[in-house]
Amino acid sequence: MYAFGLCIDQQYLVPGLAAIAGLADGLTPIARRNAAVRVLTLDLAPAQALLLSDFAKRTGFGSFDLRRCAPLRASRMADASYITVTTYLRFEFTPDFVRRPYLIYVDADVLVRGDVTNPLGSLREDEIGAVRDEFNPAVGECPALPGAAERWPHLRGRPYFNAGVLWTRTGHMPVVRKGVEHALIHGRRHILHNDQDALNLWLLHSGRVRPAAAGLNRFEAGRFLERGNWVRRVVTRSPRPDPAAALVHFVGPEKPWQPDCPRTEDVAEYRRHLAVTLRHVRRLGAFGAEPAGAW
């Protein structure tokens, strides 16, 4: 029925394993057997690909596949401080690779606590589901898409969406890819947040977005409060941890698997989850999967 899609490079191998484990935990055993995992990569070695395959099967998924591919030729890295061009691979999932009617794309820097499949039931054939970005909620009122509101005044105040979790019919992915490519070519001066800005530029002009509940892509804000108070000025909700969130997204340069990341409640929960994941990995007899300096 559906596949979870992840884009994983060597830097994100271990977080990718943790994301797969969380996605499995959020489903019933039957749902897991009927679901698939699809991974796109630029640089994973054969042994790493085999590890992902074995781990996905161990966690109960009925199908796994991995493909090496290149990003869009028009890809533009306006911000490469902590993001690589791997981020553009999210638009390279194709029907012949996914082989499921629906695709749920998930970033690797997440803590999945529950079932994230609900938006699939409300999607139209030509829509993509996404959650409004908590740090960039509206066009023209945030740093995202610089200059777009001045160029197209009717877009000011429109919702801006985070690309970390996306829901779509697999057959719609070629249309999404074409729309993003068009945005990258014709709207390059408005691209700040890389592929996410390109996606939003296309969504704004096409109207093909189905808003999903905030708890399906809730930002972990505590790390930012450790460094300053700006989060309170941009986030309309309380920045406290949301125990009801089905998915917590660790946006920004500080990641919960890094030793210098502030140890917030959500970070501590992620590290416990990661420790369990790595125990499962070791039972597979896999190589030492921890990144250098992770702990």
Completion exercise
For the chain (alpha-carbon point model, no solvent) the Debye-based log₁₀ I(q)/I(0) at q = 0.12 Å⁻¹ works out to -0.75
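Could you sort the peptides 85-96, 59-70 by per-residue average Cβ neighbour count (10 Å cutoff), highest mean leading? All intermediate terms of the calculation are to be shown ahead of the outcome.
Numbers: 85-96: 20.3, 59-70: 16.2.
Output ranking for 85-96, 59-70: 85-96, 59-70.
When the solvent-accessible surface of protein heavy atoms is calculated with a 1.4 angstrom probe, in what order do MET1, MET77, MET173 fall, highest first? Mind showing how you got there, number by number?
Numbers: MET1 120, MET77 60, MET173 10 Å².
Accessible-area ranking of MET1, MET77, MET173, largest first: MET1, MET77, MET173.
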Practice task
Measure off 7 Å from each Cα along the Cα-to-Cβ vector at MET77 and ARG99, then give the distance between these two points in nanometres to one decimal.
Solution key: 3.2 nm
Fill in the blank from the handout: Once THR84, THR170 are ranked on solvent-accessible area with the largest value leading and a 1.4 Å probe, the list reads THR84, THR170
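I need the Kirkwood Rh of region 89-146: take the reciprocal of the average 1/r across all distinct C-alpha pairs and report it in angstrom.
Computed over region 89-146, the radius equals 14.3 Å.
Summing +1 for each Lys or Arg and -1 for each Asp or Glu, what net charge is found among the other residues whose Cβ lies under 13 Å from the Cβ of LEU27?
Details: positive: ARG32, ARG33, ARG113; negative: ASP25, ASP115.
Here the count lands on +1.
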Exercise for the section: Find out how many positive minus negative residues lie around ASP65, taking Lys and Arg as positive, Asp and Glu as negative, among other residues whose Cβ is under 14 Å from that of ASP65. Expected result: +3
Practice task
Count the net charge of all other residues whose Cβ sits under 9 Å from the Cβ of GLY140, scoring Lys and Arg as +1 and Asp and Glu as -1.
Solution key: 0
Problem - VAL37 long-range amide H proximity, modeled H, under 5 Å - result: PHE4, SER63, PHE64, ASP65
Fill in the blank from the handout: Heavy-atom accessible area of ARG232, protein chains in place, probe 1.4 angstrom, given in Å² to nearest 10, is 140 Å²
Problem - P(r), alpha carbons of region 209-275 - 5 Å bins starting at zero, rounded % - result: 3, 16, 27, 26, 17, 7, 3, 0
Handout entry: Solvent exposure, largest accessible area first (probe 1.4 Å, DNA, RNA and ligands not counted), of SER75, SER81, SER122
Key = SER81, SER122, SER75
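The values are calculated or read from the model by the stated rules, or taken from the named source; none is laboratory data. This is a predicted model, so every value here is computed, not measured. Note that each Cβ is placed from the backbone with ideal geometry, even for glycine, and that neighbours are counted across all protein chains shown. With ligands, DNA and RNA removed, areas are computed over all heavy atoms of the protein, side chains included. Shrake-Rupley method; radii C 1.70, N 1.55, O 1.52, S 1.80 Å.
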